[in-house]
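To start, the structure itself, in structure tokens.
Every number here is computed from the coordinates shown, using simple stated rules; none is lab data. Since this is a predicted model, take the numbers as computed values, not measurements. Cβ atoms come from the backbone with ideal geometry, glycine included; neighbour counts cover every protein chain shown.
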Amino acid sequence: MINNHHYSRYLRFIDSLKGQVVVGYSEKHHVVPRSHGGSNKKDNLVALTPRQHFIAHRMLWKAYGGSMARAFFMMSATGKYGKVGSKTYAMVREEYSKQVVMQMTGKPAQGKFDAEHRAKLSQAKLGKKNSPEHNEKVRQARLGKPLSEETKQRISQAKKGISTRGSGWTVSAEVRQNMALAQTGALNHRFGKTHSMETRKKMSQSHLKRKQLGVNYG
């Protein structure tokens, strides 16, 4: 059951802080606690200093009692160091925030991992298959982005030899039949279309080059 006296004091305290500009580190506070139906909407959030946040949760504990005890306990107790006051909490919280920033700053940026770390990431992903939804998101994210020369070179190297229609590459009769059926009539993506003279010339040159390389389609 809510204590109206303490809850009124809490609301007046929060009202006096709405619209303030916190210089430096701040914490988001839910005016109406989420455990009591509060939402994450902007009108239910207020930026507080660590000390103000501590006091707000102490007042909520006084207003709601046991239902808000855990939140306040997590802010007022530090295990073997015992209880701390609002000033001490503010100092510790700000110092902790600085340490987190320092730790994150020291991490390599995306795409800047060394060879050893990239090898570990590669090994961790072996055998794992991405979902169709994930693959589609990756595809959409790459649309319109030009490939780097390094990436183009890797793709080119990967397609050389037997990995594509290189030397010694053959197609079974069954696969050839399926390919033919998939490209018959309206199923063919070129159905009703004609190649330009320039395209025909390129196709002819490409065919001659494959023939010279000894590509076997039979």
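Can you tell me how much longer the chain between Lys202 and Lys28 gets when fully stretched, taken as 0.36 nm per residue apart minus their C-alpha distance, in nm with one decimal?
56.4 nm
Find out how many positive minus negative residues lie around Leu45, taking Lys and Arg as positive, Asp and Glu as negative, among other residues whose Cβ is under 12 Å from that of Leu45.
My count for the surroundings of Leu45 gives +3.
From the residues His57, Tyr25, Val100, which one has its Cα farthest along the dipole of region 4-105 in the positive direction, the dipole being from +1 and -1 charges on Cβ of Lys/Arg and Asp/Glu about the Cα centre?
His57
Grab the beta carbon distance between Gln212 and Met104, set R0 = 35 Å, and tell me the FRET efficiency rounded to 0.05.
With R0 = 35 Å, the Cβ-Cβ based efficiency is 0.05.
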